[in-house]
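Report on the structure given below.
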Amino acid sequence: MIKVLVATEKPFSPAALEAIRGIVTTAGCELSLLEKYTDRHCLEEAIKEVDALIVRSDKIDKEILSAAGHLRVIVRAGAGYDNIDLVAATERGICVMNTPGQNANAVAELVFGMLIYTVRNFYSGTAGTELRGKKLGILAYGNVGRHVACLAQGFGMEVCAYDAFCPSEVIENDNVKSLDSVADLFRTCPIVSLHIPVTKETKKSINYEFLSLLPQGAILVNTARKEVICEPCLARMFAERPDFRYLSDIRPDIHADLAASYPDRYFSTPKKMGAQTAEANFNAGIAAIRQALAFLTKGDERFRVNN
Ligand code: 3PG
(Lines give C-alpha, C1' and ligand atoms only; values in the text may rest on other atoms or scores of the structure.)
Protein backbone atom coordinates (compact mmCIF):
# COMPACT_ATOMS: atom_id res chain seq x y z
CA MET A 1 0.00 0.00 0.00
CA ILE A 2 1.26 3.48 -0.93
CA LYS A 3 2.07 5.55 2.17
CA VAL A 4 1.86 9.33 2.04
CA LEU A 5 3.20 11.70 4.68
CA VAL A 6 2.00 15.30 4.90
CA ALA A 7 4.64 17.10 6.97
CA THR A 8 3.86 20.75 7.51
CA GLU A 9 5.45 22.74 10.27
CA LYS A 10 2.91 25.42 9.25
CA PRO A 11 -0.30 23.36 8.89
CA PHE A 12 -2.76 23.37 6.00
CA SER A 13 -6.32 24.53 6.69
CA PRO A 14 -8.68 21.81 8.00
CA ALA A 15 -10.62 21.86 4.69
CA ALA A 16 -7.44 21.25 2.68
CA LEU A 17 -6.48 18.35 4.93
CA GLU A 18 -9.91 16.81 4.70
CA ALA A 19 -9.76 16.97 0.90
CA ILE A 20 -6.26 15.44 0.87
CA ARG A 21 -7.44 12.68 3.20
CA GLY A 22 -10.43 12.00 0.89
CA ILE A 23 -8.18 11.64 -2.17
CA VAL A 24 -5.72 9.39 -0.35
CA THR A 25 -8.46 7.15 1.06
CA THR A 26 -10.30 6.87 -2.26
CA ALA A 27 -7.03 5.82 -3.90
CA GLY A 28 -6.64 3.09 -1.28
CA CYS A 29 -3.50 4.65 0.16
CA GLU A 30 -2.45 5.46 3.72
CA LEU A 31 -2.01 8.99 5.06
CA SER A 32 0.10 10.08 8.00
CA LEU A 33 0.30 13.59 9.29
CA LEU A 34 3.04 15.55 11.02
CA GLU A 35 2.07 19.12 11.87
CA LYS A 36 3.64 21.97 13.88
CA TYR A 37 6.69 19.86 14.67
CA THR A 38 9.57 21.66 16.31
CA ASP A 39 12.07 18.81 16.33
CA ARG A 40 13.61 17.62 13.04
CA HIS A 41 13.94 14.14 14.52
CA CYS A 42 10.14 13.83 14.38
CA LEU A 43 10.36 14.31 10.61
CA GLU A 44 13.25 11.85 10.31
CA GLU A 45 11.16 9.29 12.17
CA ALA A 46 7.95 9.97 10.20
CA ILE A 47 9.65 9.82 6.78
CA LYS A 48 11.15 6.33 7.28
CA GLU A 49 8.42 4.20 5.74
CA VAL A 50 6.64 6.54 3.32
CA ASP A 51 6.58 6.56 -0.50
CA ALA A 52 5.43 10.15 -0.92
CA LEU A 53 6.08 13.31 1.06
CA ILE A 54 4.09 16.54 0.86
CA VAL A 55 5.64 19.62 2.44
CA ARG A 56 5.42 23.40 2.41
CA SER A 57 8.49 25.44 3.42
CA ASP A 58 9.72 22.53 5.54
CA LYS A 59 13.46 22.06 5.21
CA ILE A 60 14.26 18.77 3.46
CA ASP A 61 18.02 18.37 3.47
CA LYS A 62 20.45 15.52 2.94
CA GLU A 63 20.20 14.39 6.55
CA ILE A 64 16.41 14.14 6.48
CA LEU A 65 16.53 12.35 3.13
CA SER A 66 19.01 9.80 4.46
CA ALA A 67 16.31 8.65 6.88
CA ALA A 68 13.90 7.97 4.01
CA GLY A 69 14.06 4.32 3.07
CA HIS A 70 11.27 4.14 0.48
CA LEU A 71 10.66 7.71 -0.56
CA ARG A 72 10.08 8.17 -4.30
CA VAL A 73 8.43 11.56 -4.58
CA ILE A 74 8.39 14.87 -2.71
CA VAL A 75 5.81 17.47 -3.66
CA ARG A 76 6.34 20.97 -2.36
CA ALA A 77 2.79 22.34 -2.04
CA GLY A 78 3.74 25.77 -3.28
CA ALA A 79 6.01 27.51 -5.74
CA GLY A 80 9.48 27.92 -4.21
CA TYR A 81 11.47 24.74 -3.67
CA ASP A 82 14.63 26.29 -2.24
CA ASN A 83 13.85 24.39 0.99
CA ILE A 84 14.58 21.05 -0.67
CA ASP A 85 18.06 19.70 -1.41
CA LEU A 86 17.49 18.77 -5.06
CA VAL A 87 20.94 17.29 -5.53
CA ALA A 88 20.52 14.94 -2.57
CA ALA A 89 17.03 13.99 -3.77
CA THR A 90 18.32 13.24 -7.28
CA GLU A 91 21.17 11.16 -5.85
CA ARG A 92 18.60 9.05 -4.03
CA GLY A 93 16.38 8.73 -7.12
CA ILE A 94 13.61 10.84 -5.61
CA CYS A 95 11.43 12.97 -7.88
CA VAL A 96 10.76 16.51 -6.58
CA MET A 97 7.84 18.61 -7.81
CA ASN A 98 6.21 21.91 -6.95
CA THR A 99 2.66 23.13 -7.58
CA PRO A 100 3.20 26.38 -9.48
CA GLY A 101 0.45 28.98 -9.47
CA GLN A 102 -1.76 27.30 -6.87
CA ASN A 103 -1.14 29.86 -4.15
CA ALA A 104 -0.27 32.82 -6.39
CA ASN A 105 -3.42 34.82 -5.77
CA ALA A 106 -3.04 34.58 -1.99
CA VAL A 107 0.51 35.95 -2.16
CA ALA A 108 -0.55 38.72 -4.56
CA GLU A 109 -3.39 39.78 -2.26
CA LEU A 110 -0.98 40.03 0.67
CA VAL A 111 1.17 42.45 -1.36
CA PHE A 112 -1.78 44.83 -1.42
CA GLY A 113 -2.75 44.08 2.18
CA MET A 114 0.70 45.22 3.29
CA LEU A 115 0.78 48.13 0.86
CA ILE A 116 -2.51 49.63 1.96
CA TYR A 117 -1.63 49.15 5.63
CA THR A 118 1.56 51.10 4.95
CA VAL A 119 0.31 53.93 2.76
CA ARG A 120 -2.44 54.52 5.35
CA ASN A 121 0.28 54.92 7.99
CA PHE A 122 -0.45 51.61 9.73
CA TYR A 123 -4.02 52.80 10.44
CA SER A 124 -2.74 55.35 12.92
CA GLY A 125 -5.49 57.86 12.18
CA THR A 126 -3.16 60.23 10.30
CA ALA A 127 -3.72 61.10 6.62
CA GLY A 128 -2.11 58.58 4.32
CA THR A 129 -1.96 58.24 0.54
CA GLU A 130 -3.70 56.15 -2.12
CA LEU A 131 -2.43 53.58 -4.57
CA ARG A 132 -4.36 54.90 -7.55
CA GLY A 133 -2.12 56.56 -10.12
CA LYS A 134 1.08 55.33 -8.47
CA LYS A 135 3.67 53.42 -10.46
CA LEU A 136 4.34 49.82 -9.46
CA GLY A 137 7.32 47.81 -10.68
CA ILE A 138 7.05 44.04 -10.59
CA LEU A 139 10.33 42.15 -10.54
CA ALA A 140 9.72 38.76 -12.21
CA TYR A 141 6.55 38.15 -14.13
CA GLY A 142 5.65 34.62 -13.10
CA ASN A 143 2.40 33.43 -11.56
CA VAL A 144 2.52 35.77 -8.57
CA GLY A 145 3.81 38.70 -10.62
CA ARG A 146 0.88 38.35 -13.03
CA HIS A 147 -1.67 38.28 -10.22
CA VAL A 148 -0.05 41.35 -8.68
CA ALA A 149 -0.29 43.15 -12.04
CA CYS A 150 -3.97 42.31 -12.39
CA LEU A 151 -4.82 43.52 -8.86
CA ALA A 152 -2.71 46.66 -9.33
CA GLN A 153 -4.67 47.51 -12.47
CA GLY A 154 -7.85 47.19 -10.40
CA PHE A 155 -6.42 49.80 -8.05
CA GLY A 156 -5.75 52.09 -11.02
CA MET A 157 -1.97 51.85 -10.69
CA GLU A 158 0.47 52.24 -13.55
CA VAL A 159 2.10 48.83 -13.83
CA CYS A 160 5.59 47.97 -15.11
CA ALA A 161 7.52 44.71 -14.98
CA TYR A 162 10.91 43.25 -15.70
CA ASP A 163 11.58 39.56 -16.13
CA ALA A 164 14.84 38.17 -17.47
CA PHE A 165 13.08 35.11 -18.91
CA CYS A 166 9.52 36.16 -19.81
CA PRO A 167 9.24 37.66 -23.32
CA SER A 168 8.24 41.32 -23.28
CA GLU A 169 5.25 40.58 -25.58
CA VAL A 170 3.74 38.41 -22.84
CA ILE A 171 4.09 41.27 -20.36
CA GLU A 172 2.80 43.92 -22.77
CA ASN A 173 -0.14 41.69 -23.66
CA ASP A 174 -1.41 42.25 -20.11
CA ASN A 175 -1.23 46.03 -20.59
CA VAL A 176 1.86 46.08 -18.40
CA LYS A 177 4.90 48.11 -19.48
CA SER A 178 7.87 45.83 -20.06
CA LEU A 179 11.14 47.35 -18.79
CA ASP A 180 14.62 46.56 -20.05
CA SER A 181 16.48 45.86 -16.82
CA VAL A 182 16.32 45.55 -13.04
CA ALA A 183 18.03 48.95 -12.82
CA ASP A 184 15.32 50.49 -14.99
CA LEU A 185 12.64 49.10 -12.72
CA PHE A 186 14.28 50.43 -9.54
CA ARG A 187 15.03 53.78 -11.17
CA THR A 188 11.52 54.45 -12.44
CA CYS A 189 9.11 52.78 -10.01
CA PRO A 190 8.53 54.20 -6.52
CA ILE A 191 6.79 50.99 -5.47
CA VAL A 192 8.63 47.74 -6.25
CA SER A 193 7.30 44.25 -5.57
CA LEU A 194 9.77 41.33 -5.62
CA HIS A 195 8.77 37.97 -7.09
CA ILE A 196 12.12 36.42 -7.98
CA PRO A 197 12.93 32.93 -6.74
CA VAL A 198 16.05 32.44 -4.65
CA THR A 199 18.81 30.99 -6.81
CA LYS A 200 22.62 31.26 -6.94
CA GLU A 201 22.14 34.29 -9.19
CA THR A 202 19.43 36.08 -7.18
CA LYS A 203 20.87 35.57 -3.67
CA LYS A 204 21.61 39.03 -2.20
CA SER A 205 20.95 40.48 -5.67
CA ILE A 206 18.75 43.29 -4.33
CA ASN A 207 21.73 45.35 -3.29
CA TYR A 208 22.65 48.98 -2.70
CA GLU A 209 23.30 49.55 -6.39
CA PHE A 210 19.61 48.91 -7.10
CA LEU A 211 18.07 50.15 -3.85
CA SER A 212 19.77 53.53 -4.11
CA LEU A 213 18.14 54.09 -7.52
CA LEU A 214 14.65 54.08 -6.02
CA PRO A 215 12.76 57.37 -6.41
CA GLN A 216 11.77 59.47 -3.37
CA GLY A 217 9.02 57.99 -1.22
CA ALA A 218 9.90 54.47 -2.30
CA ILE A 219 8.31 51.32 -0.93
CA LEU A 220 9.90 47.92 -1.46
CA VAL A 221 7.63 44.89 -0.94
CA ASN A 222 9.16 41.46 -0.47
CA THR A 223 6.86 38.45 -0.56
CA ALA A 224 9.60 36.38 -2.23
CA ARG A 225 12.47 35.23 0.02
CA LYS A 226 14.66 37.04 2.54
CA GLU A 227 17.77 35.63 0.85
CA VAL A 228 17.29 37.78 -2.27
CA ILE A 229 17.99 40.91 -0.23
CA CYS A 230 21.46 42.12 0.68
CA GLU A 231 20.62 42.97 4.29
CA PRO A 232 23.60 45.28 5.01
CA CYS A 233 22.51 47.22 1.89
CA LEU A 234 18.96 47.35 3.22
CA ALA A 235 20.23 48.68 6.57
CA ARG A 236 22.30 51.31 4.75
CA MET A 237 19.29 52.35 2.67
CA PHE A 238 17.17 52.79 5.81
CA ALA A 239 19.88 54.87 7.44
CA GLU A 240 20.48 57.10 4.42
CA ARG A 241 16.96 57.49 3.08
CA PRO A 242 14.32 58.62 5.59
CA ASP A 243 11.72 58.33 2.82
CA PHE A 244 12.32 54.59 2.23
CA ARG A 245 9.90 51.93 3.48
CA TYR A 246 10.27 48.16 3.43
CA LEU A 247 7.48 45.59 3.80
CA SER A 248 8.30 41.96 4.09
CA ASP A 249 6.48 38.67 4.38
CA ILE A 250 9.71 37.13 5.56
CA ARG A 251 11.50 38.34 8.66
CA PRO A 252 14.97 39.55 7.71
CA ASP A 253 17.87 38.55 9.96
CA ILE A 254 18.08 42.24 10.95
CA HIS A 255 14.38 42.33 11.93
CA ALA A 256 14.99 43.40 15.56
CA ASP A 257 17.16 46.37 14.50
CA LEU A 258 14.74 47.52 11.80
CA ALA A 259 11.70 47.14 14.06
CA ALA A 260 13.40 49.12 16.84
CA SER A 261 14.94 51.85 14.67
CA TYR A 262 12.30 52.38 11.98
CA PRO A 263 8.90 51.33 13.36
CA ASP A 264 7.03 53.67 11.01
CA ARG A 265 8.94 52.60 7.87
CA TYR A 266 9.24 48.87 8.31
CA PHE A 267 6.70 46.09 8.56
CA SER A 268 7.12 42.33 8.58
CA THR A 269 4.58 39.57 9.08
CA PRO A 270 5.50 37.49 12.14
CA LYS A 271 5.56 34.31 10.07
CA LYS A 272 5.60 33.82 6.29
CA MET A 273 1.92 33.96 5.51
CA GLY A 274 1.53 34.96 1.85
CA ALA A 275 0.11 31.57 0.98
CA GLN A 276 -1.66 31.06 4.30
CA THR A 277 -5.29 31.18 3.13
CA ALA A 278 -7.89 28.43 3.10
CA GLU A 279 -8.11 28.73 -0.69
CA ALA A 280 -4.38 28.58 -1.34
CA ASN A 281 -3.95 25.67 1.10
CA PHE A 282 -6.75 23.84 -0.63
CA ASN A 283 -5.49 24.44 -4.16
CA ALA A 284 -1.85 23.67 -3.40
CA GLY A 285 -2.67 20.72 -1.13
CA ILE A 286 -5.00 19.07 -3.63
CA ALA A 287 -2.57 19.64 -6.50
CA ALA A 288 0.25 18.17 -4.37
CA ILE A 289 -1.55 14.95 -3.47
CA ARG A 290 -2.84 14.48 -7.03
CA GLN A 291 0.65 14.99 -8.45
CA ALA A 292 2.21 12.61 -5.90
CA LEU A 293 -0.29 9.85 -6.66
CA ALA A 294 -0.11 10.40 -10.43
CA PHE A 295 3.66 10.00 -10.22
CA LEU A 296 3.49 6.85 -8.10
CA THR A 297 0.71 5.15 -10.07
CA LYS A 298 1.31 6.40 -13.63
CA GLY A 299 4.84 7.78 -13.65
CA ASP A 300 3.48 11.27 -14.43
CA GLU A 301 6.42 13.66 -14.00
CA ARG A 302 4.76 16.96 -14.87
CA PHE A 303 6.03 19.73 -12.57
CA ARG A 304 9.22 17.81 -11.79
CA VAL A 305 11.94 20.28 -10.79
CA ASN A 306 14.98 18.01 -10.37
CA ASN A 307 16.74 15.96 -13.03
C1 3PG B 1 5.72 29.45 -1.99
O2 3PG B 1 6.91 29.37 -2.32
O3 3PG B 1 4.82 28.81 -2.55
C4 3PG B 1 5.32 30.42 -0.90
O5 3PG B 1 6.42 31.06 -0.38
C6 3PG B 1 4.47 29.78 0.18
O7 3PG B 1 5.20 29.12 1.17
P8 3PG B 1 4.47 28.37 2.39
O9 3PG B 1 3.81 27.16 1.86
O10 3PG B 1 5.55 28.08 3.37
O11 3PG B 1 3.45 29.31 2.97
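The values are calculated or read from the model by the stated rules, or taken from the named source; none is laboratory data. All of these numbers come straight from a predicted model, not from anything done at the bench. All Cβ positions, even for glycine, are placed from backbone atoms using ideal geometry, and neighbour counts span all protein chains on display. These accessible areas exclude ligands, DNA and RNA; they are computed on the full protein's heavy atoms, side chains included. Shrake-Rupley method; radii C 1.70, N 1.55, O 1.52, S 1.80 Å.
Of the whole protein surface, Lys272 contributes about 60 Å² of accessible area at a 1.4 Å probe radius. Rounded to whole Å, the principal axis extents of the Cα atoms in segment 104-268 read 44, 38, 27, largest first. Cα to Cα, under 17 Å, and not fewer than 8 places away if on the same chain: which lysines meet these conditions relative to Lys204? Within reach: Lys226.
Each peptide in 139-151, 38-50 receives the mean, over its residues, of other Cβ atoms within 10 Å, and ordering these scores from highest gives 139-151, 38-50. One quarter of the convex hull surface built on the alpha carbon atoms of the chain amounts to 16.4 nm², the projected area averaged over directions. Computed from Cα atoms, the angle from the helix 104-119 axis to the main principal axis of the chain rounds to 30 degrees. For the set Lys200, Lys59, the ranking by accessible area, highest first and with no ligand, DNA or RNA atoms included, is Lys200, Lys59 under a 1.4 Å probe. If you line up the long axis of helix 278-298 against the longest principal axis of the chain, both from Cα atoms, how many degrees apart are they, to the nearest 10? With both axes taken from Cα atoms, the answer is about 40 degrees. For segment 205-274, pairs of C-alpha atoms spaced more than 20 angstrom apart make up 18 percent of the total.
In whole percent, and with a 1.4 Å probe on the protein chains, what portion of the accessible area of segment 150-307 is carbon and sulfur? Present the calculation step by step, with values, prior to reporting the outcome.
Details: 4100 of 7660 Å².
After summing per-atom areas, the C and S share lands at 54 percent.
Surface analysis of the chain yields an accessible area of 46 Å² per residue, using protein heavy atoms and a 1.4 Å probe.
Contact order, relative form, for segment 12-148: 15 percent (alpha carbon pairs under 8 Å, 6 or more residues apart, mean separation divided by residue count). Kirkwood radius, segment 174-307, all distinct C-alpha pairs, inverse of mean reciprocal distance: 17.0 Å. Protein-only accessible surface at a 1.4 angstrom probe places the residues Tyr266, Tyr208 in the order Tyr208, Tyr266, largest first. Centre-to-centre separation between the Cα atoms of segment 1-67 and those of segment 172-228: 35 Å. Computed with a 1.4 Å probe over protein heavy atoms only, the accessible area of Glu201 comes to about 140 Å². Residues whose amide H lies under 5 Å from that of Val96, counting only those 5 or more places away or on a different chain, are Ile74, Val305, Asn306; hydrogens are built 1.01 Å from N in the peptide plane.
By accessible area of protein heavy atoms, probe 1.4 Å, what ranking do Phe282, Phe12 get, highest first?
Largest accessible area first, the residues go Phe282, Phe12.
Phe122 contributes about 50 Å² of solvent-accessible surface, heavy atoms of the protein only, 1.4 Å probe. Considering segment 135-192 at the alpha-carbon level, its Rg and Dmax are found to be 9.9, 27 Å. Helix content alone sets the calculated 222 nm mean residue ellipticity of the chain: runs of n ≥ 4 DSSP H residues at -39500 (n - 2.57) each, divided across all residues, give -11000 deg cm²/dmol.
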